[in-house]
Each structure stands twice: as C-alpha cells, then as structure tokens.
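S.K.: Attaching a single structure in structure tokens format; questions to follow.
The values are calculated or read from the model by the stated rules, or taken from the named source; none is laboratory data. This structure is a prediction, so every number in the text was calculated from the model and none was measured. In this analysis, Cβ positions are derived from the backbone assuming ideal geometry, glycine residues included, and neighbour counts consider all displayed protein chains.
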C-alpha cells in the first residue's frame, strides 16, 4: 500500500544565493536563478551588484 505522500509530486526548494553589492553589503535570498536573485536583492536594497554566488542548490 502506498503512502499519500508518494502520490504527490515533489516540490523543489529554490536555491540560496548571496548577492554582494559594490559597497560591501550582502543580501542572501532564494530564487530560481541568479538573475532573479539579483532582482530580488536590488528590490530589498538598491545599489550596484558586484557578484551573485550560489550557496545551496544545484547549478
């Protein structure tokens, strides 16, 4: 007999990104890809983005 969880599709967690701004500030956020992570971080804190790195998740 199958459990009820086996019938439901698994939802993937969004990867965790670290966005670093030119002035040294960082924002850690989840997003589907690096571009969306950058956009979310810029909404939280305006400024020039220097790097976007993936912390957890698949590339």
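S.K.: Determine, yes or no, whether residue 46 is surrounded by 10 or more Cβ atoms within 10 Å (Cβ to Cβ) and modelled with pLDDT of 80 or more.
M.R.: No: the conditions fail for residue 46.
S.K.: Is it true that some residue in the stretch 5-19 is surrounded by 10 or more Cβ atoms within 10 Å (Cβ to Cβ), modelled with pLDDT of 95 or more and part of a loop (DSSP other than H, G, I, E, B)?
M.R.: No, there is no match, as no residue in the stretch 5-19 is surrounded by 10 or more Cβ atoms within 10 Å (Cβ to Cβ), modelled with pLDDT of 95 or more and part of a loop (DSSP other than H, G, I, E, B).
S.K.: For the subset of the stretch 20-43 comprising residues that are part of a loop (DSSP other than H, G, I, E, B) and out of contact with any helix residue (DSSP H, G or I) (no Cβ under 6 Å at 6 or more places or on another chain), which member is surrounded by the fewest Cβ atoms within 10 Å (Cβ to Cβ)?
M.R.: Here the residue is 24.
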